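Below is one structure, written out as structure tokens; the observations come after it.
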Amino acid sequence: MKKASISKKVLALTLSLSMTVSGMALGMATKNVYAKAKGKVTGISVTNLPAKTLTLKKGKSKVLKVGVKVSRKGVSKAYTFQSSKPKVVKVSKKGKNILVKAKKKGKATITVKSKTGKKKTAIKVTVGTPVSKVTLNKKRAQINEGQTVRLTAKVATKKASNRKIVWKSSNKKVATVTKKGVVKGLRAGRAKITAYAADGSGKKKTCIVTVTEAADITDVKSVQVLNAYSIRVTLSKAQLLTAKNFTVKTKSYDRGTFNKTYAIDNVTTGDKKVYDIVLDSSSYIEAETYLQVSVSGLSGVKGVKTVQLRYEKPKQNLQRDLVYKAEYNEEVEEDIYLGGYGYSKIISVNGLPKGIMAKISDGGNYVNLYGKSTVKGRYNATITTQDELGNTEKINILYLVGADDQIAAGFTTVRGVMGSESFWIDQAVSVAGGSGIYTYEIVGNNYGLSIDGEYVAGNLNTAGKYNVTVKVTDEMNTNLTTTATLTIDIKQGFTITGVIKDASGNPIPYANVVFENKNESDLYCSSRFTTANDKGVYSAQVTSGTYDVNARMYSTAKYLYGVKITAARSGLNITMPVYKVTVTSGDSSVADYDFNGWEDTNGNIYGYGSTLYLKAGSYNLTTRGTEFMNRFTARIIINVTKAQTVKATISRETESIAGTITAGSSNTISVTDNYKYYKFTPTQSGYYTFYSIGDCDSYATLYNDKGEQLMYNDDDDGSLDFSMDVYCTAGSTYYLAVAKYDSGAENIVVYVEKQ
């Protein structure tokens, strides 16, 4: 039985090998057939064309990828192909695909058939002019479920043989698109809508369509992001809600869950229909962020109403005028900070000096100018950049390349707003070339301005456009002269003032106020920042327009939206939802002014010193400080409902003497972000210099033996090291307290030298 079984296996193997060899021979003998078909072919297509059309230039080739669908696994996918006009379009085998080559102008049809001939597809090929570019009217669009948006695509190539467009959606469950470019939102999500050139050239443009959940008109009418810190929820009818009724969550991308909850600072409403949600300062909404806003407690609505949306910052076009100078044939490297969002790219660069190049660096945050200027002269260069949202920035650069035998000069344009007072000018001229030592004089009308060294300074009392010409002369060679014109463009504005108040009606000193012009492209007055004085009074020079106003005191903010401001408006007072809390130490050795920043367990800062402005709520805050050879921690636990005074609980930690330092020798010490004390006793009276050398940012304070501060120093002459000159008496004891700004221990060398 075993022998018979083995014989059957050998016979089967022999037959199998025979059929395989026969099949191989047949495949080699049959042109344009890849395998012997057996079974049912359900479909055949060319997979790398948007439509059944192809345009090629004469002499150009393209590989067509063929896809064959079968009814079951194991069915042969063999096919044949041919050209209706081989002299116009030649076809040949290219691996498992088809190579198409354009021979001469004309049209031909390539027919691809399954081996059985029951399934086929035809590709119409034109030898002519392919499309070189496709344009699309939108890069991004946002619609609700059930809504539509019309996209318009065009072929930019006028002589293209085939100008048709084919539309496709990357996610048909989210959004569909018709042959005419009409996109319909089906459910919340994101889809790429692509307009393809139908001629197979590969040219295309894509629009990202975000579909948001349709709001129920019976409860939540709309949700919109006003800016990076605030959201507006509009109800269909008035209802009384509080901050507890709102939840704001986010996710980083269009996949995944909304798992990050934003902290809400306050919620305000004027008519119980429009609610403005102000987020905590730690909850910054970045552009392109997906948000989920939930509203509970709605009358007549069971459960929670949830709306999803995507925050897209409005586009803006910025412009800056800069002046740089470079010496002839010397290496140049300049970084220009870009004002856009996220990664930027250079659209165009024109007019840079020969040898100087531009590139985007640091993740799109800077334009880096580098190279060696090899040709003398004056260059008016322009660099145009674009960020991820389509915002553009045009940077005009006057580039000066000088040498010993020539000089060149230029100014940065001054733009500003004149309020009720005069406008102060203080602008320096940039000069390159010559000896490097120059004299300056204003020639022509000075408009009441004067020149001091290279600075043009003075007051202008009337708005308008001024051109002030300055003559520059090389002091070592008076034959070398040049002129530069300072353009001053002042727009007439006015000064708006107001008082920042707390919930009790008392002024808040030193609060920050920002006016954001809705017209973000206004080069004169896009944003105005000011700080209130010690009486809570602020003033800002603005132009007429509509503004979002942001008053902020540490982590608490108050937003006013769409405020129309004109010269006729006398002022704008702002009441913030905070109460004044005065903190006392309750300890005679710790003065109230010794308090530093008060923070909670999450590291959020709520103010500094002995006066805090806190919104209603419960707080557990601590601050730390250092007295002479003592560290202290102050803590307050408080429930804020009104203005009040609270006594802090003080705890101490005595510092031990870390070591002794001597004059005339180097002392290597380890420093941290807390003071360490070193004892010093001079043998001779006189002035001593205490200084450090190291790679970290250190600072120091010198005390006498009574704990009285004699001197403090941080950065000596702009360095990271400290330096102090102090008179010391022989035999007296002094204590040098040394620390650095960042955490972790590092070694520095401390010197004490007698002068």
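The values are calculated or read from the model by the stated rules, or taken from the named source; none is laboratory data. Everything quoted here is computed from the prediction, not taken from an experiment. Cβ: placed from backbone, ideal geometry, glycine included. Neighbour counts: every protein chain shown.
Tell me, yes or no, whether segment 736-754 has at least one residue that is touching a strand residue (DSSP E or B) at 6+ places or on another chain (Cβ under 9 Å), free of Cβ contacts under 8 Å to residues at least 40 places away in the same chain and within 18 Å of Thr672 (Cβ to Cβ). Walk me through how you get there before you give the answer.
The initial filter retains those residues of segment 736-754 that are touching a strand residue (DSSP E or B) at 6+ places or on another chain (Cβ under 9 Å), namely 736-741, 745-754.
Applying the additional criterion that residues be free of Cβ contacts under 8 Å to residues at least 40 places away in the same chain yields none.
No; the residues of segment 736-754 include none that is touching a strand residue (DSSP E or B) at 6+ places or on another chain (Cβ under 9 Å), free of Cβ contacts under 8 Å to residues at least 40 places away in the same chain and within 18 Å of Thr672 (Cβ to Cβ).
Given the condition modelled with pLDDT under 85 and farther than 28 Å from Arg150 by Cα, answer yes or no: does some residue in segment 220-237 qualify?
Within segment 220-237 (the criterion being modelled with pLDDT under 85 and farther than 28 Å from Arg150 by Cα), the answer is yes, since at least one residue qualifies.
Exactly one condition in (1) assigned to a strand (DSSP E or B); (2) loosely packed, with under 14 Cβ neighbours inside 10 Å; (3) among the polar types (S, T, N, Q) is false for Ser692; which is it?
Of (1) assigned to a strand (DSSP E or B); (2) loosely packed, with under 14 Cβ neighbours inside 10 Å; (3) among the polar types (S, T, N, Q), only one is false for Ser692: (2).
Restricting the search to segment 455-497, which residues are part of a strand (DSSP E or B), closer than 28 Å to Ser539 by Cα and free of Cβ contacts under 8 Å to residues at least 60 places away in the same chain?
If the condition is that a residue be part of a strand (DSSP E or B), closer than 28 Å to Ser539 by Cα and free of Cβ contacts under 8 Å to residues at least 60 places away in the same chain, then Tyr455, Val456, Ala457, Gly458, Asn459, Leu460, Gly464, Lys465, Tyr466 are the ones that fit.
For residues that are outside any strand (DSSP E or B), without any contact (Cβ under 8 Å) to a residue 40 or more places away in the chain and among the aliphatic types (A, V, I, L, M), tally how many sit in segment 552-593.
Total satisfying the criteria: 2.
Out of the residues in segment 121-144 meeting the condition of being touching a residue at least 40 places away in the same chain (Cβ under 8 Å) and not in a strand (DSSP E or B), tell me which one is surrounded by the most Cβ atoms within 10 Å (Cβ to Cβ).
Val131
Taking the conditions exactly as written (without any contact (Cβ under 8 Å) to a residue 12 or more places away in the chain and either of a type in the set (Ser, Thr, Tyr) or not in a loop (DSSP other than H, G, I, E, B) (or both)), does Thr210 satisfy them or not?
no
Identify, from the list Val183, Val211, the residue that is in contact with a Gly (Cβ under 7 Å, 6 or more places away or on another chain), of a type in the set (A, V, I, L, M) and closer than 30 Å to Thr257 by Cβ.
Just a single option satisfies the conditions, and that option is Val211.
Can you confirm whether segment 632-655 contains a residue that is modelled with pLDDT of 85 or more, exposed (fewer than 14 other Cβ atoms within 10 Å of the Cβ) and within 22 Å of Tyr712 (Cβ to Cβ)?
Looking through segment 632-655, none of the residues is modelled with pLDDT of 85 or more, exposed (fewer than 14 other Cβ atoms within 10 Å of the Cβ) and within 22 Å of Tyr712 (Cβ to Cβ).
In this structure, is Thr157 without any contact (Cβ under 8 Å) to a residue 12 or more places away in the chain, surrounded by 14 or more Cβ atoms within 10 Å (Cβ to Cβ) and either over 15 Å from Ile208 (Cβ atoms) or touching a His at 6+ places or on another chain (Cβ under 9 Å) (or both)?
For Thr157, the condition - without any contact (Cβ under 8 Å) to a residue 12 or more places away in the chain, surrounded by 14 or more Cβ atoms within 10 Å (Cβ to Cβ) and either over 15 Å from Ile208 (Cβ atoms) or touching a His at 6+ places or on another chain (Cβ under 9 Å) (or both) - is not met.
Output the residues belonging to segment 714-734 that are modelled with pLDDT under 90 and either part of a strand (DSSP E or B) or within 22 Å of Glu627 (Cβ to Cβ) (or both).
Within segment 714-734, just Asp714 meets the criteria.
Counting only residues that are surrounded by fewer than 20 Cβ atoms within 10 Å (Cβ to Cβ) and either of a type in the set (A, V, I, L, M) or at pLDDT below 85 (or both), how many does segment 420-433 have?
Here the count works out to 3.
For the structure I just gave you, tell me whether Ala737 is hydrophobic (A, V, I, L, M, F, W, C), assigned to a strand (DSSP E or B) and within 39 Å of the chain's Cα centre (by Cα).
Taking the combined requirement at face value, the residue does not satisfy it.
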